[in-house]
Amino acid sequence: MVLNPFEVAKKQIDIVAEEMELDPNVTKYLKRVERSLIVSIPIVMDDGTLEIFEGYRVHHSTVRGPGKGGIRFSPEVTLDEVKALAIWMTWKCSLLNLPLGGAKGGVCVDPRKLSFRELERLTRRYASEIINIIGPDIDIPAPDVNTNAQIMAWIMDTYSMNKGRSVPGVVTGKPIEIGGSVGREPATGMGLYYVLEAMCEKLGLDLKTQKIIIQGFGNVGGTIAELLYKEGCKILAVSDISGGLYYSDGLEIDKLLDWTQKGNYLNDYKDNRYKKITNYDLLTTECDVLIPAALENVIIQKNANDIKCKIVLEGANGPVTPEADKMLFEKGIHVIPDILANGGGVCVSYFEYVQDIRAYFWELDRINKELKKIMLRAFEEVYEISKERNINLRTAAYIIAVSRIAKAIELRGIFP
Ligand code: GLU
């Protein structure tokens, strides 16, 4: 059975609504998205043939501020997945107390099959198609799975050309040269690191001695792997879409990053000490900290009982389903939820947006200091509620996030 992420996101709302005794009208309101736009993206390929791609942009809630959320390029993207991701952005921004709402976008395409120019045309046409529902005070996109600073630069340029002036604040995660922020690229990984450090402290664990397994070796997985490797942790296994590598004495992360940053797959890496491992088996391999940092719905009812770690740190959005969440909690595994754990990205996106609007740029020290402050404040709030009510960290995080949204809805009222 393929799990529908939108159904998962709605189920999570039901769980927290019950715990909080939320007004049923608010529950109903939160389960629908404000608007979803489906666009068709015709592209003339380099060989002269025409290909049509489908793209989406969804606003879940702008009740606390303009929509915010990434754009992913993936052949598996569906409208329901984008809706779920937009919902999770609402909770993430609210939990971190950023004055932003939740949005998300996606294009159903495998970008690895496109040339550089085809990718540019696709991005620019997608940006033109969604131009009326994005903007610095409407909805501000950012990178997500398979999108990066170059793609944000094309979106910023397309938007700016149409408006007749440069509008850097329309997207975040841009190159630094055109209004991007220092520290944005590693921000999600940095945030994961701060939260994990704080969790280890609560549990009386020494971070350096933790054995780590990471699924995903892109911007999020790669950065947290590098940070923990530098800290001295043993990284037992990492993976990308080609599969994973395992070594009980710890992988040499610096060499693997060098390899993948040149465009190679982990599966093609040669070191006879390393054992090949599938993405599925990697999740159930024994470790202290398991970091799913790829896609949603990977820890599910079927494999949750086989997870052998102390902490699951959600680098990806939605990697653990509600059923699996319950099973992990009963096993005494601490799941640090996505909306808290991977919030570092959107947090520095917010700093980038503020810097663009003010046209005044901060130094890296300030970025990292303020990022750490926001991440740790959210972590402490979540941890305290989870202890007070004896509930898992996700439900605790949702209570905080949903309460703020519910309050904003109450204050603003339902129009008209
Ligand atoms: N795509 C990232 C996320 O899921 C970042 C979003 C943003 O910076 O707006 O949190």
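The values are calculated or read from the model by the stated rules, or taken from the named source; none is laboratory data. Please read all numbers here as calculations on a predicted model, not as lab measurements. FYI the Cβ positions are ideal-geometry reconstructions off the backbone, even for glycines, and counts take in every protein chain you see. Ligands, DNA and RNA are stripped out before the accessible areas are found, and what is left, the full protein with its side chains, is counted by its heavy atoms. Shrake-Rupley method; radii C 1.70, N 1.55, O 1.52, S 1.80 Å.
Some notes on this structure:
- The distance linking region 26-93 with region 378-416 is 24 Å (Cα centroid to Cα centroid, whole angstrom).
- Normalised contact order of region 241-333, rounded percent, pairs of Cα under 8 Å and 6 or more residues apart: 25 percent
- Rounded percent of accessible protein surface that carbon and sulfur make up, the chain, 1.4 Å probe: 50 percent
- About its Cα centre, region 122-183 has a charge dipole of approximately 180 debye under the convention of +1 per Lys or Arg Cβ and -1 per Asp or Glu Cβ, with nothing else charged.
- Per-residue ellipticity at 222 nm computed for the chain from its helices equals -14500 deg cm²/dmol, with DSSP H segments shorter than 4 residues left out and the rest contributing -39,500 (n - 2.57).
- About the centre of its Cα atoms, region 1-147 shows a dipole size close to 260 debye [charges on the beta carbon of Lys, Arg (+1) and Asp, Glu (-1) only; nearest 20 debye].
- Share antiparallel - DSSP beta bridges, region 196-319, percent rounded to 5: 40 percent
- In percent, rounded to a whole number, the relative contact order of the chain is 15, using alpha-carbon pairs under 8 Å and six or more apart.
- Three-way shape call for region 45-107 based on the alpha-carbon gyration tensor, with the a/c threshold at 1.5: prolate
- Prolate/oblate/rounded label for region 171-321 (Cα gyration tensor, a/c 1.5): rounded
- Residues in the chain average 43 Å² of solvent-accessible surface per residue, probe 1.4 Å, ligands and nucleic acids excluded.
- Looking at the chain, the DSSP beta bridges with both ends there are about 50 percent antiparallel.
- Gained length - Leu50 relative to Asn303, 0.36 nm times residue gap less alpha-carbon distance: 86.9 nm
- Proximal charge balance of Asp268 [Cβ under 12 Å; K/R count +1, D/E count -1]: +1
- Leading residue at positive end of dipole, the chain (Cβ point charges), from Pro322, Asn132, Val77: Asn132
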